[in-house]
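Visitor: One structure, as structure tokens, below. Some questions next.
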Amino acid sequence: MVGITPIRYFVFALALIPLLRLVILGYLGDLSANPVEFITRSTGTWTITFLCITLAMSPMRWITAWTGWIQMRRMFGLFTFFYGFLHFSIWYWLDHNLDAAAMIDDVIERPFITVGFLAFVLMSLLALTSNQRAVRALGRKWSSLHRLIYIIAILGVLHYLWHKAGKNDFEVVYIYAGIIFVLLIIRLPFIQRHLVRVRS
């Protein structure tokens with residue numbers, strides 16, 4: 001069986017491809033007619049994509065019994081935060097010129113920004129406590145804290161949904177919402193037990 005470390009390196013490299021793509025498109029001057037919107041949309045899409053991948057790690061473990069999924073879960077979670085941080089930073093920097101007052105006004109006034117900002121704050125908390133030192137310090141509370149990922153997932157879908165509502169463009173949002181719904185619902189104890197039994 002292939003060890004987990006080479007796979008982690010390979011997956012790490014793959015996870016950087018969306019960023020590399022943006023860098024290349026920027027260098028070529030091919031970020032569409034509205035570069036800020038293009039970059040913001042792209043980083044937001046990859047944030048929710050990596051969030052879905054992170055949520056899929058535990059179910060994959062139940063189905064396959066391969067512990068490597070859990071070992072990669074932290075890395076995917078940190079990539080979720082990484083692209084979420086880029087998404088937030090572009091909005092704060094390019095949309096608000098690093099003006100904290102303007103940012104706060106936007107957070108208060110627009111619901112889709114409110115839920116997106118809340119999701120980012122919670123995501124930051126999980127990223128800061130993803131290390132082994134935090135695991136040891138928090139003990140059993142660590143698992144309870146990191147269940148906030150379920151709230152983050154719901155907030156992420158709402159952020160995406162309300163953003164697309166202005167353009168009446170829901171097709172992709174519904175796909176992500178459906179994936180996240182399935183990834184959350186299969187965590188119900190009786191469904192989880194069934195998945196483990198099927199594997200056995």
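What follows is calculated from the coordinates using simple rules that are stated; it is not laboratory data. Fair warning: this is a prediction, and the values are worked out from it, not measured in the lab. Note that each Cβ is placed from the backbone with ideal geometry, even for glycine, and that neighbours are counted across all protein chains shown.
Visitor: Answer yes if at least one residue in region 23-31 is touching a residue at least 40 places away in the same chain (Cβ under 8 Å) and part of a helix (DSSP H, G or I), and no otherwise. Can you show your working first?
Guide: Quick first cut of region 23-31, residues touching a residue at least 40 places away in the same chain (Cβ under 8 Å) only: none.
For region 23-31, residues touching a residue at least 40 places away in the same chain (Cβ under 8 Å) and part of a helix (DSSP H, G or I): absent.
Visitor: Next question. Can you pull out the residues in region 54-84 that are in contact (Cβ under 8 Å) with a residue 24 or more places away in the chain and in contact with a Phe, Trp or Tyr (Cβ under 7 Å, 6 or more places away or on another chain)?
Guide: If the condition is that a residue be in contact (Cβ under 8 Å) with a residue 24 or more places away in the chain and in contact with a Phe, Trp or Tyr (Cβ under 7 Å, 6 or more places away or on another chain), then T54, M75, F76, F79, T80, Y83, G84 are the ones that fit.
Visitor: Which of the following residues is part of a helix (DSSP H, G or I) and either closer than 30 Å to I185 by Cα or in contact with a strand residue (DSSP E or B) (Cβ under 9 Å, 6 or more places away or on another chain) (or both): A13, A56?
Guide: Numbers: A13 fails: either closer than 30 Å to I185 by Cα or in contact with a strand residue (DSSP E or B) (Cβ under 9 Å, 6 or more places away or on another chain) (or both).
Step by step, each of A13, A56 is checked, and only A56 is part of a helix (DSSP H, G or I) and either closer than 30 Å to I185 by Cα or in contact with a strand residue (DSSP E or B) (Cβ under 9 Å, 6 or more places away or on another chain) (or both).
Visitor: Considering region 63-81 alone, what residues qualify as being buried (at least 19 other Cβ atoms within 10 Å of the Cβ) and either closer than 17 Å to R41 by Cβ or of a type in the set (F, W, Y) (or both)?
Guide: Answer for region 63-81, where residues must be buried (at least 19 other Cβ atoms within 10 Å of the Cβ) and either closer than 17 Å to R41 by Cβ or of a type in the set (F, W, Y) (or both): W69, F76, F79, T80, F81.
Visitor: For residues in region 1-19 being more than 26 Å from Y150 (Cβ to Cβ) and more than 18 Å from the chain's Cα centre (by Cα), which is surrounded by the fewest Cβ atoms within 10 Å (Cβ to Cβ)?
Guide: To start, the set of residues in region 1-19 that are more than 26 Å from Y150 (Cβ to Cβ) comprises 1-3, 5-7, 9-10, 13, 16-17, 19.
With more than 18 Å from the chain's Cα centre (by Cα) added as a condition, the list becomes 1-3, 5-7, 9-10.
Values: M1: 5, V2: 8, G3: 8, T5: 10, P6: 9, I7: 13, Y9: 10, F10: 11.
Residue satisfying both the conditions and the ranking: M1.
Visitor: If we only count helices (runs of 4 or more DSSP H) wholly inside region 83-200, which ones have 2 or more residues that are under 18 Å from the mean Cα position of the chain (by Cα)? Reasoning before the result, please.
Guide: Values: elements: 100-109, 111-128, 132-138, 141-146, 148-165, 171-185, 189-199.
The qualifying helices (runs of 4 or more DSSP H) are 111-128, 141-146, 148-165, 171-185.
Visitor: Can V121 be described as out of contact with any Pro (no Cβ under 6 Å at 6 or more places or on another chain) and buried (at least 19 other Cβ atoms within 10 Å of the Cβ)? Walk me through how you get there before you give the answer.
Guide: On the way: out of contact with any Pro (no Cβ under 6 Å at 6 or more places or on another chain): yes; buried (at least 19 other Cβ atoms within 10 Å of the Cβ): no.
No, not satisfied.
Visitor: State yes or no: is L122 closer than 19 Å to F79 by Cβ, touching a residue at least 24 places away in the same chain (Cβ under 8 Å) and not small (G, A, S)? Break it down stepwise before answering.
Guide: On the way: closer than 19 Å to F79 by Cβ: yes; touching a residue at least 24 places away in the same chain (Cβ under 8 Å): yes; not small (G, A, S): yes.
For L122, the condition - closer than 19 Å to F79 by Cβ, touching a residue at least 24 places away in the same chain (Cβ under 8 Å) and not small (G, A, S) - is met.
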